Amino acid sequence: MWRAAAYAALIAGSVIALIPFLWMAGSSFKDMSKVFADPPQWWPHPWLWSNYANAFRKMPFALYTWNTLKITITCILGQALSCSLVAFGFARMRFPGRNGLFILLLCTMMLPAQVTMIPVFKIFASVGWYDTYLPLIVPSFLGAPFFVFLLRQYFMTIPHEMDEAARIDGASTWQVYWRVLLPQAKPALAAVAIFSFVWNWNDFLGPLIYLSTPAKRTIALGLYTFLGQHGADWNYLMAASTVAMLPPLLLYFIGQKYFIQGVVISGVKG
């Protein structure tokens, strides 16, 4: 009975969480006059499949998707490499002030991005990176505190005896990192990849600040084109948003086993 009650509560919570997504998907098939009908019309009548075609004609969806993919995939690679290197140093190397530096790293998570937004923009503009993808990509190769914490906690769960066995066989520090620890950190790396993908795929503020050429826009900026000064094409916006939501959703379902394992193990160890 307790298990049945727990499943019932989880199903009820899932239905409540899915309401915004169901409304978005349903509105993508409605006529504009029925999107905000009173009372709400959950089931579209009639089904306007042409909303998707009209949305793609109004916005170069393929171009914006390609731009977003270039940024997202590069950022995933940069964050996985840089954060795993820093996490390896905190988890496996012994040096004075290690714990203090790690605490200082975690303290940077409390600093809102809005505080450093203007000085960072001035720096990137002064080196000629405005209206390029570099301000959106290069910072990912400099690490992210949350991902460093996640990977460091996971590395702490791997026995040190494996490092010692590798060193007895003549492995260097780099080989211990690359051939011993990194292959075992697939769940944590999958969690980093999914978090990074969702963040960069949905990022709106970064491209809005640094990109001015329409051909360089991302999907998040492209969706904003449906919002005008005197009105909005809500049905087209919902159609484009539904399609834009599919890649992160698909990635999560593919990697959810490793994602959950990486988050759970990293959160309870260390």
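Annotations
- Checking region 26-33 against the condition returns a match, with at least one residue being among the aromatic types (Phe, Trp, Tyr), buried (at least 16 other Cβ atoms within 10 Å of the Cβ) and more than 20 Å from the chain's Cα centre (by Cα).
- The single condition from (1) farther than 30 Å from residue 145 by Cβ; (2) assigned to a helix (DSSP H, G or I); (3) touching a residue at least 40 places away in the same chain (Cβ under 8 Å) that residue 16 fails is (3).
- One residue from 141, 121 being within 29 Å of residue 177 (Cβ to Cβ), touching a residue at least 12 places away in the same chain (Cβ under 8 Å) and either assigned by TED's automatic domain parsing to the domain that holds residue 183 or charged (D, E, K, R) (or both): 141
- For region 187-236, residues that are of a type outside the set (Val, Ile, Thr) and farther than 26 Å from residue 44 by Cβ total 27.
- Taking region 150-224 and the helices (runs of 4 or more DSSP H) fully enclosed by it, the elements with 3 or more residues that are assigned by TED's automatic domain parsing to the domain that holds residue 93, under 30 Å from residue 66 (Cβ atoms) and polar (S, T, N, Q) are at 186-202.
- Residues in region 19-33 that are assigned to a helix (DSSP H, G or I) and either over 27 Å from residue 243 (Cα atoms) or in contact with a Pro (Cβ under 9 Å, 6 or more places away or on another chain) (or both): 23, 26, 27.
- Residues of region 126-137 that turn out to be farther than 14 Å from residue 196 by Cα and touching a residue at least 40 places away in the same chain (Cβ under 8 Å), as a count: 6
- From 152, 179, residue being in contact with a helix residue (DSSP H, G or I) (Cβ under 8 Å, 6 or more places away or on another chain), surrounded by 14 or more Cβ atoms within 10 Å (Cβ to Cβ) and more than 20 Å from residue 116 (Cα to Cα): 152
The values are calculated or read from the model by the stated rules, or taken from the named source; none is laboratory data. It should be emphasised that the depicted structure is a prediction, and the values quoted were computed from it without experimental measurement. Positions of Cβ are generated from backbone atoms using ideal geometry, with glycine treated the same way; all protein chains shown enter the neighbour counts.
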